[in-house]
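Worksheet: the structure to be examined is printed underneath.
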Amino acid sequence: MAAPETLGCRFFANKLNLQMRLKAEFLNCWHLMALPSLHSLRAFESVSRLGNIAAAAAELHVTSGAISQQLRALQLSLGLELFEKRGRRLVLTDRGAALQKSVGMAMQQISESIREISADAYSTAAKATLTVSVPSVFGTTWLAARIFLFLDANPDIRMWMRTAVDFEEVDWREVDVAIVYGKPPWTGFWWRILHSIYASPVCSPQLLRGQKGIREPRDVLHHRLLHEDDGDQWRRWLTEARLPHSVKSDIYFDNFAMVLQAARDGHGVALTNDIISFRDLDEGRLVQPLTLGVATTRSYYCICHEEGLANPVIARFVDWLVDQASRPSG
């Protein structure tokens, strides 16, 4: 038979174990009770802020009955009255006000976290990449004024811009769509004309003054004829103007942007079109002293691989380009 001291120790040990189990079960029940459903907390927060069940129902896109049910469930689970009625409004009790403060802050934090992770997911989401090649002067004077409209309307597209004038200069291993200054056909490619070019003389306003001022076609022969080709375009214009064909130059440019800059600076007369020079003409850096124009042998074309149009991103950009070019301001 065990000694009385031993029996006493066992009794107290069993009693302590029972108390610990009861405490654990109580805490478990308390935690379960302390976590009402998110739906009921949302209903409570909306009603406490708006002071009206109908308004809260409209905000949460549910019925008034659903809101009332959520509030009853919440008060039952807490064993507390959270509202008291004053006329048509529900007013928070002291304990309701304390809960509303905590719930309001929690809901705000949840909303902010969702907005942050959503924005982060959107910003890091893979965007479709479109690589476009364009002659530098055309890109500067025409495309740059419009391309951001396309990007604003198509936030799922990221663009890489490259420069090339002729079809042969385009790196078709990398480029999806190109605008080229040339003349078809191009085997294996789809193309659409953007602009037919009629070239007319342009020059600095200072070349209109003095004894050698340009007033009629033959006056251009008193000035340097600026060009980026071998002079063929000027010869065609001079033929159209019934003037001698000799086109002599002491400088040749391989970039039309340099031709335009030389004309702006008063170093000679360039042949260009309204598409390229409209901004210079509009802002007075260049003038068009003569109306005689001549069609060029090349034009601006939009080009892509024939199979490229099956790509919805490429097709979207091509359609947009053609539409922009067809507009009166294009």
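The values are calculated or read from the model by the stated rules, or taken from the named source; none is laboratory data. These figures come from a predicted structure and were not determined experimentally. Counting neighbours? That spans all protein chains shown, and the Cβs are built from the backbone with ideal geometry, glycine included. Ligands, DNA and RNA are stripped out before the accessible areas are found, and what is left, the full protein with its side chains, is counted by its heavy atoms. Shrake-Rupley method; radii C 1.70, N 1.55, O 1.52, S 1.80 Å.
Peptides 153-160, 189-196 ranked from most to least packed give 189-196, 153-160, packing being the mean of other C-beta atoms within 10 angstrom over each peptide's residues.
Beyond 32 Å, what share of the Cα-Cα pairs of the chain remains, rounded to the nearest whole percent? All intermediate terms of the calculation are to be shown ahead of the outcome.
On the way: 32618 of 54285 pairs.
Pairs farther apart than 32 Å: 60 percent.
In whole angstrom, how far apart do the alpha carbon centroids of the range 273-300 and the range 33-95 sit? If we compute the Cα centre of each part, the gap is 71 Å.
By DSSP, what percent of the beta bridges with both residues in the chain are antiparallel, rounded to the nearest 5? In the chain, approximately 65 percent of DSSP beta bridges are antiparallel ones.
Treating the angle as unsigned and between 0 and 90°, give the value, to the nearest 10°, between the Cα long axis of helix 94-124 and the longest Cα principal axis of the chain. Roughly 30 degrees, rounded to the nearest 10. Taking 8 Å as the Cα distance limit and 6 or more residues as the minimum spacing, I'd like the relative contact order of the range 85-209 as a percentage. Computed value for the range 85-209: 25 percent relative contact order. Rounded to a whole number, what % of the accessible area of the chain do carbon and sulfur atoms account for, probe 1.4 Å? Answer for the chain: carbon and sulfur cover 55 percent of the accessible area. Nearest 10 degrees, 0 to 90: what angle lies between the long axis of helix 4-33 and the longest principal axis of the chain (Cα atoms)? Relative to the chain, helix 4-33 is tipped by roughly 40 degrees. Placing +1 on each Lys and Arg Cβ and -1 on each Asp and Glu Cβ, with no other charges, gives the chain a dipole about its Cα centre of roughly 1520 debye.
Between MET258 and SER68, the modelled label-to-label distance comes to 8.5 nm, taking each label 7 Å out from Cα in the direction of the beta carbon.
Any idea what log10 I(q)/I(0) is at q = 0.19 Å⁻¹ for the range 82-225, Debye with uniform C-alpha scatterers and no solvent? Results for the range 82-225 at q = 0.19 Å⁻¹ read -1.15.
The GNM of the chain, with springs linking C-alpha atoms under 10 angstrom apart, assigns the highest mean-square fluctuation among THR187, THR163, THR63 to THR63. Residue by residue, the range 138-144 carries 3J(HN,Hα) couplings of 5, x, 6, 8, 10, 5, 4 Hz when phi is fed to the Karplus relation 6.51 cos²θ - 1.76 cosθ + 1.60 (θ = phi - 60°); x denotes Gly or Pro. Size check on the range 214-293: the Cα extents along the three principal axes, sorted descending, read 33, 26, 20 Å. Farthest toward the positive end of the dipole of the range 62-106, out of LEU78, ALA98, THR63, is the Cα of THR63, where the dipole comes from beta carbon charges about the Cα centre.
Can you compute the helix-only [θ] at 222 nm over the chain? Use -39500 (n - 2.57) per DSSP H run of at least 4 residues, normalise by all residues, nearest 500 deg cm²/dmol. Can you show the working numbers first?
Values: 10 runs with 147 residues, N = 330.
-14500 deg cm²/dmol, from helical runs alone.
Just to confirm the number: angle between the C-alpha axis of helix 312-326 and the first principal axis of the chain, 0 to 90 degrees, nearest 10? In the chain, helix 312-326 runs at an angle near 50 degrees to the longest axis. Here the Karplus relation 6.51 cos²θ - 1.76 cosθ + 1.60, evaluated at θ = phi - 60°, turns the backbone of the range 172-181 into coupling constants of 6, 6, 10, 8, 8, 9, 10, 9, 10, 9 Hz, with x for every Gly and Pro.
Taking HIS61, HIS223, HIS305 as the candidate residues, the one with maximal mean-square fluctuation in a Gaussian network model of the chain, Cα springs under 10 Å, is HIS61. A crude spin-label estimate for the pair ILE157 and LEU38, with each label 7 Å from Cα along the Cβ direction, gives 3.7 nm. Return the whole-Å distance between the Cα centroid of the range 142-212 and the Cα centroid of the range 214-249. Value for the Cα centre distance between the two parts: 25 Å. One decimal place: the segment LEU80-VAL322 gains 80.3 nm when fully extended, by the rule 0.36 nm per residue minus the C-alpha distance. When the charge dipole of the chain is built from unit charges on Cβ atoms (+1 for Lys and Arg, -1 for Asp and Glu) and taken about the Cα centre, the candidate among THR187, TRP142, SER48 whose Cα reaches farthest toward its positive end is SER48. Considering only Cα atoms, the convex hull volume of the range 172-330 works out to 129 Å³ per residue.
Within the chain, what's the longest run with no GluC sites (Glu not before Pro) in a DSSP loop and at most 12 other beta-carbon atoms within 10 Å? Give the range, please.
Numbers: sites that count: GLU81, GLU174.
Counting only loop sites that pass the neighbour cut-off, the longest clear stretch is 175-330.
Order the peptides 264-275, 316-327 from the highest to the lowest mean number of other Cβ atoms within 10 Å of their residues.
On the way: 264-275: 19.4, 316-327: 15.6.
Top of the packing list down: 264-275, 316-327.
Contact order normalised by length for the chain, with contacts defined as Cα pairs under 8 Å and 6 or more residues apart; what percent is it?
Values: 409 pairs, mean separation 57.8, N = 330.
Across the chain, relative contact order equals 18 percent.
Between LEU292 and GLN109, the distance separating the two model label sites (each 7 Å from Cα on the Cα→Cβ line) works out to 8.1 nm.
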